Amino acid sequence: MGGQLRNRRVLLGVSGGIAAYKSAELIRRLIDLGAEVRVVMTKAAQEFITPLTLQALSGFPVSTDLLDPEAEAAMGHIELARWADLIMIAPASADLISRLTLGQGDDLLTTVCLASRCPIAIAPAMNQAMWHHPATQANLVTLKERGIHQFGPDSGGQACGDVGLGRMSDPDDLAQAISSVFQTRLLEGKTVVITAGPTREAIDPVRYISNHSSGKMGYALAQAAVDAGAKTLLISGPTNLSAPDYVKRIDVISADDMYKASMNSLDECDIFIASAAVADFRPASIAEQKIKKTGQETMSVDMIKNPDIIASVAAANKRPYVVGFAAETQQVIDYARDKLIRKNLDLIIANDVSNPDIGFNSENNAVTLVTKDSETALPENSKTQLARDILEVIAAQYSRN
Ligand code: C5P
């Protein structure tokens, strides 16, 4: 089994229908492909299959109630909505499709769909007459216009004895279709180089100066670049993260190492994204032996400036499309635009780090993408989802370039 869905968080919504038993199998397929799965069931779904079965298969408690304080305290509807990289509703009954179309929030599943900004997919399952009903067909047109993916239904014998369209697709086919939602192919044939994480600047053999960058944003961008079909090189400072599948990672420690690896990558680089939190300065010299504290009440370390990696990339002869980050606490867009011009970048991702809920070390982020003549605000989202949105804007701007 491959890991096409490794690190993917799939929220499986189960609505009421005889096909609900197939969602048990779907959970297994998704987990086989590496996904983490959480389940939300409607009230009607629980008439067909028990939450306990799906809890045992997914490994997590199943969420069923919008108004249960205990469940909300564990993982509330907003948290579930933010957690998901994709919401898969399988089976999606005619009633669920109708409520989704209306934008209702009358149970946990529809509310999570309303509150989430991630892709949503439905696997319709219903009697063939209900499927062909103009109301259902009109709802499906609306959902499609909203970008909701539709997988199936298949045709064949139905539980009620009818024959026709309305059978939920096979779990294997659904799992493959879910994988394909993540493969955008926007950067097919391109090479993307991404710097990520902090750098460490040695003071002596045991000490260094560094920062709190987790590398999460850069790693999420690397995943999104692979999903977009790009050959992806990740030049990473020390982090606790493992590289996404199909990403080539070069490990570096200091800003100088990162600079060299970055400049070496330019022969074959179409888009360069600098998400690393590069130390601006490094000790002028590294003490050969551990510095002793005895007899000292203060100490000072002479620092010299590190190379500006992204500015050097942007000034290179063979210049790729260059994307930087600007983490600011005030006048975010103005400062970002200044940096765009000063460093001669093509696009800058402005990040307001005055808000502790987003940015450095947190799970979520919100950014504005700034070019010389455009501004695109991407609202708060998980770093995974945001990375996908960022890559989409980068791909569009790059192709315009
Ligand atoms: O100048 P400042 O550090 O605010 O710029 C941030 C942007 O520049 C980020 O994209 C960061 O990765 C990049 N940078 C770099 N080399 C440095 C400092 C910053 O590539 N020495």
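The values are calculated or read from the model by the stated rules, or taken from the named source; none is laboratory data. The shown structure was predicted, so the numbers you read here are calculated from the model rather than taken from an experiment. Methodologically, a virtual Cβ is constructed for each residue, glycine included, from the backbone with ideal geometry; neighbour enumeration extends over all protein chains shown. Side chains included, ligands, DNA and RNA excluded: accessible areas come from the protein's heavy atoms. Shrake-Rupley method; radii C 1.70, N 1.55, O 1.52, S 1.80 Å.
Suppose we keep just the DSSP beta bridges with both residues in the chain; what percent of those would be antiparallel, to 5? Walk me through the numbers on the way to the answer.
Numbers: 21 of 65 bridges.
Of the beta bridges lying entirely in the chain, close to 30 percent run antiparallel.
Please give the length that would be gained between Gln104 and Lys305 if that part of the chain were fully extended, namely 0.36 nm times their separation in residues minus their C-alpha to C-alpha distance (nm, one decimal).
Values: separation 201, 0.36 × 201 = 72.36 nm, distance 5.60 nm.
Taking Gln104 through Lys305 to full extension adds about 66.8 nm, to one decimal.
Per residue, what accessible area does the chain have, given a 1.4 Å probe and all protein chains present, in Å²? Walk me through the numbers on the way to the answer.
Working: 19000 Å² over 401 residues.
With all protein chains present, the chain gives 47 Å² per residue.
Taking R0 as 25 Å, what FRET efficiency do you get between Ala135 and Lys43 from their Cβ-Cβ distance, rounded to the nearest 0.05?
Working: r = 22 Å, r/R0 = 0.86.
The value I calculate is 0.70.
Please give the peptides 65-78, 260-273, 363-376 ranked by average Cβ packing (other Cβ atoms within 10 Å per residue), highest first, as a rough proxy for protection. Please report the intermediate quantities before stating the final value.
Numbers: 65-78: 14.0, 260-273: 18.8, 363-376: 16.9.
Ranked by mean Cβ neighbours within 10 Å, highest first: 260-273, 363-376, 65-78.
Helix-only estimate, please: 222 nm mean residue ellipticity of the chain, summing -39500 (n - 2.57) across DSSP H runs of length 4 or more and dividing by its residues, to the nearest 500. Intermediate values should be presented prior to the final figure.
On the way: 14 runs with 139 residues, N = 401.
The per-residue figure over the chain is -10000 deg cm²/dmol.
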